[in-house]
Amino acid sequence: MRRVSVFGATGSVGVSTLDLLARRDDLKVAVLTGGRNVELLAEQARAHRPELVVTAFEECYRPLKEALANTGIEVAGGPGAVVEAGYREADWVMSAIVGAAGLAPGFAALSQGKTLALANKESLVTAGPLLLAEARTHGATILPVDSEHSAVFQALVGESLEHVETVTLTASGGGLRDWPLEKLALATPEEAGRHPNWDMGQRITIDSASMFNKAMEVIEAHEFFGLLPEQVEVLIHPQSLVHALVAFRDGAVMGHLGAPDMRHPIGYALNWPERGDLPVARLNLAKAGRLDFAEPDLARYPALGLARQVMETGGAAGAVFNAAKEIALDHFIARNIGFLDMAAVVEATLSAYAARHAIGKTPASLDEVLCVDAEARALAGTAATERATARV
Ligand code: NAD
Ligand code: MG
């Protein structure tokens, strides 16, 4: 029986993944991992009967162990145990941990030479070349799960990358799309944390409003598909029904459309290279009535300009960008800095890192990536504190 594992099972993507797994009787769940949400993780374990359940936090080990007493399910705790679980035999592994913490377990899973369904976009942004090399070394397959990247992947079936002119990722514009520019600086985490179309975790929802999510995805597409920076474009599309467009040299454009439901890209990766029935709403274009598109305003979305800078710089810039973005987001959620300060913090961190190191040099190992990540976090913390002080 095909063995599947879900890393980040208690998150938004993880829950959608388990929803699909629950509808199948031809799969055996090997591993589930989660974080502090012990109750949900234990409930998922009772429902899916994995061999092993892991919480990433040591202090959650005991409560999880108690919750699963007498079930015969193995329980482990701590970040090392999550990475270790990546080596547990599995044919298909969902990488849906949020943040740089998803990196090492993904690498571990790739070493099995099977399939990694990759939702954790931070893996490609921080360590794209290393991750792809690891997959090649072990003969493993990486399938993109980010909806836009799954859409591009699907539009490219049977096509040659040489024939691609541009790839366009669509963006809803997030919860603050229609706010006047001068009001944006005052947006609260609650206001930025509401999404018009997608039901996602809080962090990625705020990243949608700032377009840091789209900036990450632009870098992700550049890394995963091997596209030049200028080949990756972004269009605002409020309806979120067109997920991506691939334009070819002969003028043809292949678009991927569908209801905004992560179970589509997750299910596509689960059924690949076949297609299977999925419980997603069917697209009714007559009912939708219209599809709107607009160019994003870079003054409103400085994150998109920073993504371009990161792609041009290459090397460690992606890891610095991601780490700085995570810290800036922490400070925004903690109300230390304003909504637009996030981009300023990331920009300051990229400059501060470049002043100390050859930022264009590609980290040679996962350990090096994690060192860049740690240093960039410290630099971003300083930059955020400076912004916070300036604000008072
Ligand atoms: P989420 O916050 O809802 O869930 C994150 C999961 O990671 C949870 O299971 C949590 O317990 C676990 N986790 C948190 N910190 C951890 C740590 N330090 N170590 C190990 N596990 C930890 O996030 P999400 O929205 O499901 O997103 C997961 C990933 O997928 C992110 O990289 C995100 O960018 C990407 N993604 C999400 C969506 C979406 O619709 N939510 C779409 C595309 C891509
Ligand atoms: Mg996406």
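The values are calculated or read from the model by the stated rules, or taken from the named source; none is laboratory data. Keep in mind that what you see is a predicted model, and the values were worked out from it rather than measured. Heads up, the Cβs are rebuilt from the backbone with ideal geometry, glycines too, and the neighbour counts pull from every protein chain shown.
In the set Arg36, Arg24, only one residue is more than 16 Å from ligand 2 (Cβ to nearest atom) and within 18 Å of Met262 (Cβ to Cβ); that residue is Arg24. In the stretch 210-226, the qualifying residues are those that are touching a Lys or Arg at 6+ places or on another chain (Cβ under 7 Å) and among the charged types (D, E, K, R), and the one that is surrounded by the fewest Cβ atoms within 10 Å (Cβ to Cβ) is Glu220. Return the residues of the stretch 107-127 that are touching an Asp or Glu at 6+ places or on another chain (Cβ under 7 Å), more than 16 Å from ligand 2 (Cβ to nearest atom) and in a helix (DSSP H, G or I); say none if nothing qualifies. Selection gives Phe107, Leu110, Thr126. When each of Ala151, Ala185 is tested for being crowded, with 18+ Cβ neighbours inside 10 Å and either in contact with a strand residue (DSSP E or B) (Cβ under 6 Å, 6 or more places away or on another chain) or in contact (Cβ under 8 Å) with a residue 24 or more places away in the chain (or both), the lone residue that passes is Ala151.
Could you list, in sequence order, the residues of the stretch 43-52 that are among the aliphatic types (A, V, I, L, M) and within 19 Å of Ser12 (Cβ to Cβ)?
Ala45, Ala47
On inspection, Ala151 does not qualify as among the small types (Gly, Ala, Ser), modelled with pLDDT of 95 or more and either more than 10 Å from ligand 2 (Cβ to nearest atom) or on the phi > 0 side of the Ramachandran plot (or both). Residues that are over 13 Å from Leu340 (Cα atoms), within 14 Å of ligand 2 (Cβ to nearest atom) and assigned to a helix (DSSP H, G or I) within the stretch 188-207 comprise Arg203, Ile204, Thr205, listed in sequence order. Residues in the stretch 156-214 that are basic (Lys, Arg) and under 18 Å from Val345 (Cα atoms): Arg203, Lys214.
Screening Gln231 with (1) under 21 Å from Arg308 (Cβ atoms); (2) within 14 Å of ligand 2 (Cβ to nearest atom) gives one miss only, at (2).
Counting residues that are within 18 Å of the chain's Cα centre (by Cα), which helices (runs of 4 or more DSSP H) fully inside the stretch 209-306 reach at least 2?
Result: 212-225, 263-271.
Of all residues in the stretch 14-49, those satisfying the criterion of being near ligand 1 (Cβ under 8 Å from one of its atoms) and in contact with a helix residue (DSSP H, G or I) (Cβ under 7 Å, 6 or more places away or on another chain) are Ser16, Thr33, Gly34, Arg36, Leu41. Restricting the stretch 128-170 to residues that are part of a helix (DSSP H, G or I), under 15 Å from the mean Cα position of the chain (by Cα) and not aliphatic (A, V, I, L, M) leaves a set whose member that is farthest from Leu228 (Cα to Cα) is Ser147. Residues in the stretch 80-91 include at least one that is near ligand 1 (Cβ under 9 Å from one of its atoms), among the β-branched types (Val, Ile, Thr) and touching a residue at least 24 places away in the same chain (Cβ under 8 Å). Among the residues of the stretch 129-138, is any modelled with pLDDT under 95 and β-branched (Val, Ile, Thr)? Looking for residues that are modelled with pLDDT under 95 and β-branched (Val, Ile, Thr), one finds none in the stretch 129-138, hence no.
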